[in-house]
Amino acid sequence: MRLLVIEDDSAIQGFLERALMEAGYQVDTASNAKTGELRAMEGVHDAFIIDLGLPDMDGLDLIARCRAQGSTAPVLILSARRSVDERVRGLEHGGDDYLTKPFALAELLARLRNLLRRSAALQSDSAHLQVSDLRIDLLRREARRGGQILQLTPQEFSLLEYLCRNEGRVVTRTMILDHVWRMRIDPATNVVDVHIYRLRGKVDLNGFTPLIHTIRGVGYVVKYV
Ligand code: CA
């Protein structure tokens, strides 16, 4: 596994480089966004760790530029910005996970392993998604819970697919509107909440462990707990 660390603080960069190498990763580093973007576009990395406060560009803009150029490697954002708004913005701009400084190395490694595992799972079985006993067949566009086919509208299926592709990761209403409805809808609309409500009624049936969870003030997450 090869990682790219884009971080201008040389102490943190050096610490991360050593720690990640000790954990068995190959590590490349960049100290500014311009170099980082060039390295990222080599397409050889399995994940990026990106600091938001870079000297020449905001890290969020860098992530957006990489995504626009087709990079799909997962991004772990590292930032001193701690507010919920900042974290939500990071996730909406293409970050896959967010860790605030100061961070514990053990947590960074755990989050990184999760990101790498999710992206490997996506690549190895792109025709199916599975969360606990919920199984989605992407080719047939069929979802089953405990073996029973769920009667979903196309919109509900897309919403469930999007949530399950992001298993364990919180998605905001804006992200859902962007990805599932693919159009600009007034973010104040309750269309997402209404669809989540209906979807829950079909997915989280009586006797089954609920999989769709509300993160108050932020959005939704599908996970088996
Ligand atoms: Ca910085």
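The values are calculated or read from the model by the stated rules, or taken from the named source; none is laboratory data. In this text, all values refer to a predicted model and were calculated from it rather than measured experimentally. As a convention, Cβ positions derive from the backbone with ideal geometry for all residues, glycine included, and neighbour counts pool all protein chains shown. Keep in mind that these areas ignore ligands, DNA and RNA; they rest on the heavy atoms of the full protein, side chains included. Shrake-Rupley method; radii C 1.70, N 1.55, O 1.52, S 1.80 Å.
The figures follow:
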read-out	value
Members of region 148-175 found to be open to solvent by 20 Å² or more (accessible area, probe 1.4 Å), not hydroxyl-bearing (Ser, Thr, Tyr) and not in a loop (DSSP other than H, G, I, E, B), listed by number	Gln148, Ile149, Pro154, Gln155, Glu161, Arg165, Arg173
Residue in region 176-225 that is most open to solvent (accessible area, probe 1.4 Å), counting only those that are part of a loop (DSSP other than H, G, I, E, B) and among the charged types (D, E, K, R)	Arg216
Top-ranked residue of region 123-142 - restricted to ones that are open to solvent by 70 Å² or more (accessible area, probe 1.4 Å) and closer than 29 Å to Tyr25 by Cα, ranked as modelled with the lowest pLDDT	Ser124
Candidate set: region 1-26, residues that are more than 14 Å from the ligand (Cβ to nearest atom) and of a type in the set (Asp, Glu); chosen: the one farthest from the chain's Cα centre (by Cα)	Glu22
Positions within region 134-179 being acidic (Asp, Glu) and farther than 30 Å from Met1 by Cα, in sequence order	Glu142, Glu156, Asp178
Tally of residues being within 16 Å of the ligand (Cβ to nearest atom) and either of a type in the set (S, T, N, Q) or more than 22 Å from Arg81 (Cβ to Cβ) (or both) across region 32-55	2
Flag for Thr29 being within 16 Å of the ligand (Cβ to nearest atom), without any contact (Cβ under 8 Å) to a residue 24 or more places away in the chain and of a type in the set (Ser, Thr, Tyr)	no
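Results for (1) open to solvent by less than 20 Å² (accessible area, probe 1.4 Å); (2) touching a Lys or Arg at 6+ places or on another chain (Cβ under 7 Å); (3) touching a residue at least 12 places away in the same chain (Cβ under 8 Å); (4) under 21 Å from Thr172 (Cα atoms), shown as yes or no for each residue.
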position: Ser10; (1), (2), (3), (4): no, no, yes, no
position: Ser79; (1), (2), (3), (4): yes, yes, yes, yes
position: Pro102; (1), (2), (3), (4): no, no, no, no
position: Ala106; (1), (2), (3), (4): no, no, no, no
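Yes or no, residue by residue, for (1) open to solvent by 60 Å² or more (accessible area, probe 1.4 Å); (2) out of contact with any strand residue (DSSP E or B) (no Cβ under 7 Å at 6 or more places or on another chain):
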site: Met21; (1), (2): yes, no
site: Val27; (1), (2): no, no
site: Thr35; (1), (2): no, yes
site: Ala40; (1), (2): no, no
site: Pro55; (1), (2): yes, yes
site: Gln69; (1), (2): yes, yes
site: Pro74; (1), (2): no, no
